[in-house]
Every structure is written in structure tokens, then in C-alpha cells.
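This report concerns only the one structure given below.
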Ligand code: CP3
């Protein structure tokens, strides 16, 4: 028997009044869960996200286990790139590794176009299955062009993005062609997820904080405006998230997005104080999940008090859950957030 649909998260995305503050967690499906680790013994990462029934099961797990107000599709920001000619692997303990990094105009022109129906039918099928099973909204997602570029240009995770920025500064035409290809991919992929039934989408621009405001405006803002303008036509809420991107918030506030996801370096109150009037999502430092419960509770309460000062707030972490976090901590945290914010 299905529970009534919980639309608290979607209401918050639209800045409507909610009976309590909704919560979900980035990387809420992952290796911190014993059930995930068990399944991962049987399947590779990409098998888990591309066998529809397995993807649906992993996506549902944190909803059942933690009681969160939204599900996020189990896949990766790198998933669609495999289908446009990027040879990639997710290496344990490292992350995405690319065999044929993109450096030249020819490399960019060799990248194909994504057709979600042809390339990713299993992901669309998983979304359809989830829509029948879930009683909370399903968040679809994709990587943003800069963050995707940071992997496919560097060839692996990077700390300083020298090659990526080097390409951007030294070959702006190649860079813009790459941004256009990746921007179109993001739009097509997310529109496919929305058509299949995703209730909201998040665009992960995790590494964008590496750019200053000037370079963001020149090299990245145009493609982001294009993406968000296209997504706006679908009518579903759009979330834009980045790490260490507090200095870009004024720029982001000018983009046609509904929700801005921030990390722990910028407080909710200071973001609002700077005139950021989008719905805000965040921003507990995930490392705090290793702290004693009293400290977790204190810091969470401080964030919630700020969030509740104005409508339009969704609780989340400032970045993803990592493997050493305990399931019980997140269970307690979710209940605490719901209890503390009930009005
Ligand atoms: O539960 C969810 O949040 C949905 C699934 C999801 C994954 N990755 C699963 C995953 C989402 C939304 C992502 C986004 C993602 N992937 C981002 C943006 C968010 C962020 O964390 O900054 C980025 C940069 C990636 C790229 C990526 N994928 C990295 C760096 C890694 C390895 C990191 C690590 O923890 O080892 C991955 C692999 C990955 N993606 C795993 C999961 C659960 C671990 C894979 C495994 O089981 O071995």
C-alpha cells in the first residue's frame, strides 16, 4: 500500500510554507550503508546504476532507512559521458579516471551528442519504476559543464585544475565549444529525466569554486544561463550546487534557478544578508557527522534557526556523506530536524 505523497520538499523549493523543514542528503545512497556495500559486492558501480531494478532499490534505500523527504536517483555525474565517447572508469579510492582526456579542438569535436532514449534507457526506466514505488519526490541530477570538464580535461580528480584552466585561458574557442557540448548534454539528459518523471533536478557544479567571479562570468556563466533557461521551460524546480562557491552567490542569484545549494563555508544568514533571495539548501559540514551527538545537534539547531528565519529553506549537508559515517547518526539527525522544525 502506498503512503500519501510527501510534497514538503517540493513546496520548500517553491518557497511555500511547509509543516516542517524538509531534509535529504547528498550521497544518501552509498558505501556508509551496509546494504549498499553488500550489493556492491555483486555489481560494479555502473551496473548498479544501470540495472533499473537495482538502481531503484538503491535509490529507495535511504528513504526507507533515514526517513528523508526526497530521493535522489542513483547514478553519477559521469554516467552520460560514457555515451558520448569518453572512456571512463570509477576507480575505488580515486574516483573517475579517463583514458582519453580532452585537450584539443579535435578531441572536443569527436564528442558525440547524447540521446537519453537510446543511450540511457535503463536510467529512464529506473525513474519510471521509482515513480510507482516512492511516496517522496525524486530528484534527478547531472554534472555542470565546468565540473565535468575538470574530469575529462585533467583525466582524473585534481586539486588545482591547472590543465582545465590552462585550456580555458589559452584556447577560449576550444573551451567554449566544450562548454557548449557539455551544456547541451546536461540539458538533454535532465529533460529526459524530467520527461521520465523526475520531480526536481540538481545540477552539481562541485568544483566551480576554483574560479573567481571574473572568470566565472566570462567562461562559465553563459552556458549555465543557457542550461537553466532551458530547464525553466519544464516547470520543475532546479537546484544549483557548488562547493567553496560562496564568492559566486551574487552571480548565481541572477541565474534562473529556484534553489541554491551551499557548503558550510557560507552561513545561511550571511547568504541572505547579501541579498541572495533564492531558496537555500544546506549546509552542515559532513565531517560534523563524526562529532559527538550533542555537537551535531547544536550545529544543526543553529543552521535550522537561520533557515527558518524566512520561507524557502531545505536542510542538507554542505557536501556528500562519506563512507565512515554511521547510518544511526543520520537516522537520529533526520528525526531531530523533523521534530525541531515542526510548526
Ligand atoms: O546518493 C546520491 O547522492 C546519488 C548518487 C550520486 C553519486 N555520485 C554516486 C556515487 C551522486 C549525486 C553523485 C554525484 C557526483 N559524482 C559528484 C557531485 C557531488 C560531489 O560529491 O561533489 C561528483 C564530483 C562525482 C564524481 C565521483 N563519482 C567521484 C569523485 C567518485 C568517487 C568518490 C568516492 O567517494 O570514492 C564517484 C563514485 C561514486 N558516485 C560512488 C557513489 C556512491 C562510490 C562508488 C562505489 O561504490 O565505489
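Key figures for this structure:
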| quantity | calculated |
| --- | --- |
| The stretch 171-196, residues that are farther than 25 Å from residue 110 by Cβ and crowded, with 18+ Cβ neighbours inside 10 Å | 193, 194, 196 |
| Residue match in the stretch 60-83 (condition: loosely packed, with under 14 Cβ neighbours inside 10 Å, within 27 Å of residue 179 (Cβ to Cβ) and modelled with pLDDT of 95 or more) | no |
| Output for the stretch 305-319, where each listed residue is away from the ligand (no atom under 16 Å from the Cβ) and under 24 Å from residue 204 (Cβ atoms) | 306, 307, 312, 313 |
| The lone exception for residue 16 - which of (1) part of a helix (DSSP H, G or I); (2) surrounded by fewer than 17 Cβ atoms within 10 Å (Cβ to Cβ); (3) more than 9 Å from the ligand (Cβ to nearest atom) it fails | (1) |
| Odd one out for residue 322 among (1) in contact with a helix residue (DSSP H, G or I) (Cβ under 9 Å, 6 or more places away or on another chain); (2) within 18 Å of residue 21 (Cα to Cα); (3) within 16 Å of the ligand (Cβ to nearest atom) | (2) |
| Failed condition for residue 93, given (1) more than 9 Å from the ligand (Cβ to nearest atom); (2) surrounded by fewer than 15 Cβ atoms within 10 Å (Cβ to Cβ); (3) in a loop (DSSP other than H, G, I, E, B) | (1) |
| Residue in the stretch 33-45 that is under 18 Å from residue 131 (Cβ atoms) and buried (at least 22 other Cβ atoms within 10 Å of the Cβ) present | no |
| Matching option when the condition is more than 11 Å from the ligand (Cβ to nearest atom) and in a helix (DSSP H, G or I), among 64, 41 | 64 |
| Those residues of the stretch 328-342 which are within 15 Å of the ligand (Cβ to nearest atom) and surrounded by fewer than 17 Cβ atoms within 10 Å (Cβ to Cβ), in sequence order | none |
| Filtered residues of the stretch 292-319 (kept if in contact with a helix residue (DSSP H, G or I) (Cβ under 8 Å, 6 or more places away or on another chain), within 29 Å of residue 77 (Cβ to Cβ) and not in a helix (DSSP H, G or I)) | 312, 313, 314, 315, 317, 318, 319 |
| Number of positions in the stretch 96-118 that are more than 14 Å from the ligand (Cβ to nearest atom) and buried (at least 20 other Cβ atoms within 10 Å of the Cβ) | 4 |
| Any hit, the stretch 241-255, residues being away from the ligand (no atom under 16 Å from the Cβ), under 20 Å from residue 117 (Cα atoms) and in contact (Cβ under 8 Å) with a residue 12 or more places away in the chain | no |
| Given (1) over 23 Å from residue 12 (Cα atoms); (2) touching a residue at least 24 places away in the same chain (Cβ under 8 Å), number of the condition residue 191 does not satisfy | (1) |
| Condition met for residue 281 (buried (at least 23 other Cβ atoms within 10 Å of the Cβ), without any contact (Cβ under 8 Å) to a residue 60 or more places away in the chain and out of contact with any helix residue (DSSP H, G or I) (no Cβ under 7 Å at 6 or more places or on another chain)) | yes |
| Matching residues, the stretch 68-85, being closer than 12 Å to residue 29 by Cβ, more than 7 Å from the ligand (Cβ to nearest atom) and outside any loop (DSSP other than H, G, I, E, B) | 71 |
| For residue 47: the one exception among (1) within 10 Å of the ligand (Cβ to nearest atom); (2) not in a loop (DSSP other than H, G, I, E, B) | (1) |
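Condition check ((1) in contact with a helix residue (DSSP H, G or I) (Cβ under 6 Å, 6 or more places away or on another chain); (2) part of a helix (DSSP H, G or I)) across all residues:
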| site | (1), (2) |
| --- | --- |
| 142 | yes, no |
| 150 | yes, yes |
| 153 | yes, yes |
| 169 | no, yes |
| 174 | yes, yes |
| 183 | yes, yes |
| 189 | yes, yes |
| 202 | no, no |
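The values are calculated or read from the model by the stated rules, or taken from the named source; none is laboratory data. Just so it is clear, the model here is predicted, and its values are computed rather than measured. In this analysis, Cβ positions are derived from the backbone assuming ideal geometry, glycine residues included, and neighbour counts consider all displayed protein chains.
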